[in-house]
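What follows draws every value from the coordinates through simple rules; no lab data is involved. These numbers were taken from a predicted model, which means no experiment stands behind them. Positions of Cβ are generated from backbone atoms using ideal geometry, with glycine treated the same way; all protein chains shown enter the neighbour counts.
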Amino acid sequence: MADFLLELRCEEIPARMQPKAKEDLARLFADALAKAGLTAGQVETFATPRRLSLIATDLPLATSAVSEETKGPKVGAPPQALEGFLRKVGLAEEQLVVRDGVYFAVVEKPGRDTSDVLAEAVPTIIRAFPWPKSMRWGAGSLSTESLRWVRPLSGIVALLDGAVVPFEVDGIASGRTTMGHRFHHSGPVEVADAGSYIETLRAAHVIVHVSERCRMIREGATRVAAEAGLTLVEDEGLVIENAGLTEWPVPLLGRFDEAFLDVPPEVIQLTARVNQKYFVCEGADGKLANAFVCTANIEPRDPAVVVDGNRKVLAARLSDARFFWEQDQKTPLAVHAEKLARITFHEKLGTVADKVERVAKLARWLVEEGIVKPTSVRVERSRDTEDGLSTSLEANGAEVRNLADMAEQAARLCKADLVTEMVGEFPELQGLMGGYYAAKEGLPQEVSEAIRDHYKPVGQGDDVPTAPVTVAVSLADKLDTLRSFFAIDEKPTGSKDPFALRRAALGIIRLIQHNALRLNLSSVRPELVEGPHFSSEGKDGASTGSARTEVGSDLLDFFADRLKVQQREAGVRHDLIDAVFALGGEDDLVRLLARVHALQAFVGTEDGTNLLAGYKRAANILKKEGYEGPTGTPDPQVLASLKEGNDTIPDTGEEDPLALVDDPDVGDILAAEARNNAALSYTPEPAEKALIDALDAAAPRAAAAVEAEKFADAMAALATLRAPIDRFFEEVTVNADEANKRSSRLALLARFRDAVHRVADFSRIEG
């Protein structure tokens, strides 16, 4: 067995390309080995700014002899087909093998030295390497056939068990010579073999392991900050980026002019991070300090010289940032907002100003409808609750109007910073800068905070706003985005979600959950989120009303999917969410999740498991006997038997005896008559009577508990049906010979199914 070392040395590789380059090199190398019938014990790749390397261990010294078989045409096929096959495999007809009436070309390939395989494979890998961006250089660049690489390739090391694997790529011959650190080690470096490669380069001031360079940066930056009495602001992304920029990283601390601290700290940090790749520090008071940590790629004789050069560059960047900060404040946000009319939000949805107008109306509506409430609440004693406590809002009309005014004002200004100089330079600061500018203008704190935080929550770990004005604006912004894009049929498909609608939906869900907002998603007035995307006909020639209905239905399905994704991480079963959504009309997420959590707790108990089994048995019988649908609709014969001699069901003259089944009043009459007829026509068996009595007690209790949103109580009521339904199936024959017994017992099972369906559609529950 042998070890193989490959190093491809070039000019500086961009840091952002290095991680993917390591993966691509390992993949291409493994594929090349597999084609030759070779397998390495382990393949490890390395990347520094000036080299991309690979070490493969436990390679066989030679490949095994293989027999390659190629299927050809059938015997008796046209001569042209046979001639073409012979040209393809390079054999004569007498060299072919005939098997089952088909020609086969069998070629025995002897084993090859691994060195020869590598000498052939590596140049192919180099020429086919998938750099995101590559270049040609030198005189050869005049030809499109010349080598392309991320930066000019200058050297190749290829060693198999210490011996050079000979090959040439674009005039660059492989060997064992590399180069050390650009400044700390002059002259060539001879590499003996793969085993000594890492330490040989370390002696030449090159750390090939990116993880080790990251550790040196992380620990060194923390140390120099602590020595100055400061705390480093951790930034793992910046650690990785600096590791991709250095082969021998040395963190150094510097200071900048305190006058720059008048600029918002986020601006200073972003300027240092994005433009200069510097870390920032905080003082003992937790505020940003006038200090930075740069990562040098050299051990300087005089660190102060290096630090001073970096300080001057940072000062120039901070001067630009301060200029943007001061210039933007000279124009009020309201004037900035007027420029939004010149920015297209979407060709079918109008301008950003159009969106702002919709968001402002919707934010006000959320407050006026009591969905987002003022924070003034009072807890008072009440005789209507078991524990004697109830919470009621004591917000008077003035508070609501004030909150609605601030929500509308914040919404009209929330996108204004998009046209400022600062956000133009740093788009990451949108929202945040608007909040700063609003505060500088003297706008209410609630308004400036809403402008600052209205994009939140952005990701799963982001904070969820709780201030009423912020909640109203954030929720309105996301609701408008979702409904608008759904209205023009720009829905996410597969992995494509160009308008981040999945993120918007998850943001809405988190806002509603965290703030316990009682919002029926389908109750949002369409005119509040309509614009040029709603015509008089709607999409596809449908009426506006039908278009609205379709959009609303699609949105609810979309929310259901997002809710399942989110709740899966919280351990909630997706089938239980389906079971509640299947009831229809349930789009209050707070109520829905309360019902789902109660249902999950119930189905995990013995009573819940057995009741589910009883439900499925009852549902199967009813389905077989023609009781289709979730509400237990009987077949025509059963309905006719129930209606015979009954004066309470209106006679409509309809030929279809099921014409009024969907009428809730008629449904109640049918259920009552089913019980009455059963009692009048025969004496029910004890188990049958027990189920009737249990349903008479449990069904109203469960329905009342659901209405009162006491879902645990509803589950407790259903639990009382477990024993009666088990006993019913053990002792009672449903499909009795007597028609009246059969009809009544089917109706009884339908009652049982209906009682369960008041809580959830148990047919959607797995298990």
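Taking H as built 1.01 Å from N, whose amide H comes closer than 5 Å to the amide H of TRP149, not counting residues under 5 places away?
So TRP149 has HN proximity to MET135.
Rounded to the nearest 500, what is the chain's calculated 222 nm mean residue ellipticity when only DSSP H runs of at least 4 contribute -39500 (n - 2.57) each, over all residues? Provide the component values of the computation, followed by the final result.
Details: 26 runs with 362 residues, N = 767.
That comes out to -15000 deg cm²/dmol.
Taking the chain as the reference, fit the longest principal axis to its C-alpha atoms, fit the long axis of helix 210-227 to the helix C-alpha atoms, and give the angle between the two in degrees, 0 to 90, nearest 10.
Here the helix axis deviates by roughly 90 degrees.
How far is the Cα center of segment 67-113 from the Cα center of segment 714-767, in Å?
70
What number, in percent, do you get for the relative contact order of segment 66-187 if the mean sequence gap of Cα pairs under 8 Å and at least 6 apart is divided by its residue count? Kindly include the intermediate steps, with their values, before the conclusion.
Working: 135 pairs, mean separation 21.5, N = 122.
Over segment 66-187, the number comes to 18 percent.
Rounded to the nearest Å, what's the spacing between the alpha carbon centres of segment 174-246 and segment 342-365? Just the number, please.
Here the two parts' Cα centres lie 50 Å apart.
How many percent of Cα pairs in segment 210-324 exceed 19 Å? Can you show the working numbers first?
Values: 2664 of 6555 pairs.
Of all Cα-Cα distances in segment 210-324, 41 percent exceed 19 Å.
What translational diffusion coefficient, to the nearest whole µm²/s, does the chain have by Stokes-Einstein, given a Kirkwood radius computed over alpha-carbon pairs, a temperature of 37 °C and 0.692 mPa s viscosity?
Values: Rh = 33.8 Å.
Here the translational diffusion coefficient equals 97 µm²/s.
Quick check: residue separation of GLU766 and GLU212 times 0.36 nm, minus the Cα distance between them. What number comes out in nm? Spell out each step's value before the answer.
Details: separation 554, 0.36 × 554 = 199.44 nm, distance 4.93 nm.
Net length gain for the segment: 194.5 nm.
Could you give the angle, 0 to 90 degrees to the nearest 10, between helix 79-89's Cα long axis and the longest principal axis of the Cα atoms of the chain?
60
Using the structure shown, select from LYS20/LYS277; LYS287/LYS312; LYS22/LYS277; LYS456/LYS478 the pairs with a Cα to Cα distance greater than 18 angstrom. Show your work: numbers first, answer last.
Numbers: LYS20/LYS277 20 Å; LYS287/LYS312 23 Å; LYS22/LYS277 22 Å; LYS456/LYS478 10 Å.
LYS20/LYS277; LYS287/LYS312; LYS22/LYS277, as the Cα separations exceed 18 Å there.
Please get the size of the charge dipole for the chain, origin at its Cα centre, with Cβ charges of +1 on Lys and Arg and -1 on Asp and Glu, quoted in debye to the nearest 20.
2100
Using amide H atoms built 1.01 Å from N in the peptide plane, name the residues 5+ places from THR351, or on other chains, whose amide H lies under 5 Å from its own.
Long-range HN contacts for THR351: PHE345.
Identify all lysines with a Cα-Cα distance to LYS689 below 17 Å; exclude those on the same chain that are fewer than 8 residues away in sequence.
LYS741
Less than 14 Å apart at the alpha-carbon level, and either on another chain or at least 8 residues along: which aspartates and glutamates does that give for LYS624?
ASP635
Enter the angle in degrees (range 0 to 90, nearest 10) between the Cα long axis of helix 589-603 and the first principal axis of the Cα atoms of the chain, meaning the one along which they spread out most.
For helix 589-603, the angle is close to 80 degrees.
If amide hydrogens are placed 1.01 Å from N in the peptide plane, which non-local residues have theirs closer than 5 Å to the one on ALA296?
For ALA296, whose amide H was placed from the backbone, the distant partners under 5 Å are VAL250, LEU252.
Sticking to Cα atoms, compute the Rg of segment 253-319 to one decimal and its Dmax as the biggest Cα-Cα distance, whole number, in Å.
Rg and Dmax of segment 253-319, Cα atoms, are 11.7, 35 Å.
Which ³J(HN,Hα) values in Hz, rounded to whole numbers, follow from the phi angles of segment 716-732 under the Karplus curve 6.51 cos²θ - 1.76 cosθ + 1.60, where θ = phi - 60° and Gly and Pro get x?
Along segment 716-732, the couplings run 4, 5, 5, 4, 5, 8, 4, 5, x, 6, 4, 5, 4, 5, 6, 10, 10 Hz.
Calculate the dipole size of segment 210-324 relative to its Cα centre from +1 charges on Lys and Arg beta carbons and -1 charges on Asp and Glu beta carbons; express the result in debye to the nearest 20. Walk me through the numbers before you get to the answer.
Details: 13 positive and 18 negative charges, 42 e Å.
That gives segment 210-324 a dipole magnitude of about 200 debye.
Using the Karplus equation 6.51 cos²θ - 1.76 cosθ + 1.60 (θ = phi - 60°), what ³J(HN,Hα) coupling, rounded to whole Hz, does each residue of segment 503-510 give in order, writing x for Gly and Pro?
Rounded to whole hertz, the list is 5, 5, 5, 5, x, 4, 4, 5.
By how many nm would the segment from HIS185 to GLU108 grow when fully extended, if each residue of separation counts as 0.36 nm and the alpha-carbon distance is taken off?
Details: separation 77, 0.36 × 77 = 27.72 nm, distance 5.11 nm.
Separation in residues times 0.36 nm, less the Cα-Cα distance, equals 22.6 nm.
Using 0.36 nm per residue of separation minus the Cα-Cα distance, give me the extension gain between LYS330 and VAL75 in nm, one decimal.
Details: separation 255, 0.36 × 255 = 91.80 nm, distance 8.82 nm.
Answer, rounded to one decimal: 83.0 nm.
Apply the Karplus parameterisation 6.51 cos²θ - 1.76 cosθ + 1.60, with θ equal to phi minus 60°, to every residue of segment 345-353 and state each ³J(HN,Hα) to the nearest whole Hz, in sequence, with x for glycine and proline.
Once θ is set to phi - 60°, the couplings for segment 345-353 become 6, 7, 4, 9, 10, x, 8, 5, 4 Hz.
Calculate the FRET efficiency for GLU707 and THR683 from the Cβ-Cβ distance with a Förster distance of 22 Å, rounded to the nearest 0.05.
On the way: r = 35 Å, r/R0 = 1.58.
Calculated transfer efficiency: 0.05.
Could you calculate the FRET efficiency of ASP285 with SER146 from 1/(1 + (r/R0)^6), where r is the beta carbon distance between them and R0 is 51 Å, rounded to 0.05? Kindly include the intermediate steps, with their values, before the conclusion.
Numbers: r = 59 Å, r/R0 = 1.15.
Between ASP285 and SER146 the formula returns 0.30.
Can you list the aspartates and glutamates whose alpha carbon is less than 16 Å from that of LYS491, not counting same-chain residues fewer than 8 positions off?
Excluding near neighbours in sequence, the set is GLU347, ASP480, ASP540, GLU550, ASP554, ASP557, ASP561.
What nm value, rounded to one decimal, do you get for the distance between GLU369 and ASP497 when each label is placed 7 Å out toward the C-beta?
In this crude label model, GLU369 to ASP497 measures out at 2.4 nm.
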